[in-house]
Amino acid sequence: MPFYMDRHYVEGATAHAVAVAHTATLAGQDKYRVRFLTYWFDDVRSTAFCLVDSPDQETVRQAHYEWHGLVLHEIIEVDPAVVEAFLGRVADPIPADPLHLENAIDAAFRAIMFTDLKDSTLMTSTLGQARALHLLHVSNVLTRNALRAYRGREIKHTGDGVMASFASVSDAVTCAVSVQEAVVEHNRQSPKDEVILRIGLHAGEPIEDNGDLFGTAVQLAARLCAAAGPSEILVSETIRDISSGLGLPFQDLGIIELKGFENGVRVFSIPWAQPRDSG
């Protein structure tokens with residue numbers, strides 16, 4: 001059967017109340033031949049997301065309405081492997097206290113990071129394939145070391161860099177800075193193996209108006225990465241607002257036109273350091 005993710009707006013609900021509703025669905029799921037696999041609840045944004053194995057969307061709607069009366073606002077078909085890559089699980093977590101599942105449930109809001117190795121295509125023609133692959137390997141290692149340190153999940157390798165997700169926006173921002181600092185240190189120690197990365201960050205919820213899992217968050221993060229200059233970190237206004245408490249000197253670059261976005265996007269850079277001139 002296909003898998004679906006749905007979204008509810010549950011203003012005023014508590015984590016405990018949503019956990020009780022989830023338990024109710026588990027108790028009666030056999031009636032509709034559905035499996036409610038897990039859920040995510042974000043009390044800050046008053047949203048809950050459920051992952052369901054079901055014959056079709058209408059069955060998901062009927063089961064939800066009968067068991068706890070919560071109205072579905074959106075529902076999309078998803079690949080469970082992609083859900084797990086972004087959100088870290090496709091089943092209920094094992095809570096420290098089995099009677100309090102809500103304590104183990106996280107929000108589905110994620111920060112998305114893209115990295116890109118500058119001039120990676122040109123490297124192959126100027127340095128040769130073996131040399132270019134070596135430099136790409138170096139950039140991968142530096143990025144993945146930072147992902148492990150700041151709880152980032154690698155979604156995929158893009159060929160020239162990495163796409164990753166973070167449950168914490170502050171972790172994502174700190175990771176991006178850490179990657180650039182690691183690159184500078186590598187270049188200082190191995191100037192003949194210099195690598196230059198650009199990074200883009202945005203954040204959002206899994207179900208969006210375009211019907212894709214993290215569609216806008218992924219697209220905007222990728223566009224910000226593509227628009228970044230050498231050694232630059234570009235972030236969206238959403239990232240800037242949520243991580244303002246980090247004390248980083250975000251620089252407002254104003255409204256920028258980005259491919260794929262009908263309206264201009266307010267963009268910020270993080271002047272994390274002054275890397276040496278890369279030419």
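Summary of computed values
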read-out	value
Residue under evaluation ILE75, criteria (1) surrounded by 15 or more Cβ atoms within 10 Å (Cβ to Cβ); (2) on the phi > 0 side of the Ramachandran plot, criterion not met	(2)
Candidate set from region 184-203 (those that are at pLDDT 95 or above and among the small types (Gly, Ala, Ser)); member that is nearest to LEU135 (Cα to Cα)	GLY200
Residues of region 29-38 satisfying the condition of being in contact with a strand residue (DSSP E or B) (Cβ under 9 Å, 6 or more places away or on another chain) and within 17 Å of GLN57 (Cβ to Cβ)	GLN29, VAL34, ARG35, PHE36, LEU37
Every residue from region 161-179 that is of a type outside the set (Ser, Thr, Tyr), touching a Leu at 6+ places or on another chain (Cβ under 7 Å) and more than 13 Å from VAL138 (Cβ to Cβ)	ALA164, ALA172, VAL173, CYS175, ALA176
So ILE155, is it in contact with a helix residue (DSSP H, G or I) (Cβ under 8 Å, 6 or more places away or on another chain) and under 26 Å from VAL90 (Cα atoms)	yes
Region 137-169, subset β-branched (Val, Ile, Thr) and touching a residue at least 40 places away in the same chain (Cβ under 8 Å), residue farthest from GLN219 (Cα to Cα)	VAL138
Residue list for region 171-185, restricted to those being touching a helix residue (DSSP H, G or I) at 6+ places or on another chain (Cβ under 6 Å) and of a type in the set (Gly, Ala, Ser)	SER178, ALA182
Residue that is at pLDDT below 95, outside the structural domain of TRP40 (by TED's automatic domain parsing) and surrounded by 17 or more Cβ atoms within 10 Å (Cβ to Cβ), where the choices are ASP160, ASP171	ASP160
Residues of region 5-57 that turn out to be over 23 Å from ASP97 (Cα atoms), surrounded by fewer than 21 Cβ atoms within 10 Å (Cβ to Cβ) and hydroxyl-bearing (Ser, Thr, Tyr), as a count	3
Lone unmet requirement of (1) farther than 18 Å from ALA226 by Cα; (2) out of contact with any Gly (no Cβ under 7 Å at 6 or more places or on another chain) for THR158	(1)
Qualifying residues in region 187-206 (those that are in contact with a Ser or Thr (Cβ under 9 Å, 6 or more places away or on another chain) and farther than 17 Å from ARG240 by Cβ) - the one surrounded by the most Cβ atoms within 10 Å (Cβ to Cβ)	LEU197
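The rows are residues; the columns are (1) more than 21 Å from ASP212 (Cβ to Cβ); (2) at pLDDT 80 or above; (3) not assigned by TED's automatic domain parsing to the domain that holds ARG151.
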residue	(1), (2), (3)
HIS8	no, yes, yes
ARG35	yes, yes, yes
PHE41	yes, yes, yes
GLN57	no, yes, yes
VAL60	no, yes, yes
TYR65	yes, no, yes
ASP92	yes, yes, yes
ASP97	yes, no, yes
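One line per residue, one yes/no per condition, for (1) closer than 24 Å to ARG144 by Cα; (2) in contact (Cβ under 8 Å) with a residue 40 or more places away in the chain:
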{"residue": "VAL78", "(1), (2)": "no, yes"}
{"residue": "ALA85", "(1), (2)": "yes, yes"}
{"residue": "ALA91", "(1), (2)": "no, yes"}
{"residue": "ILE94", "(1), (2)": "no, no"}
{"residue": "PHE109", "(1), (2)": "yes, yes"}
{"residue": "MET113", "(1), (2)": "yes, yes"}
{"residue": "ASP116", "(1), (2)": "yes, yes"}
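The values are calculated or read from the model by the stated rules, or taken from the named source; none is laboratory data. Keep in mind the model is a prediction, meaning the values are calculated, not measured. Using ideal geometry, Cβ is built from the backbone for each residue, glycine included, and neighbour counts are taken over all protein chains shown.
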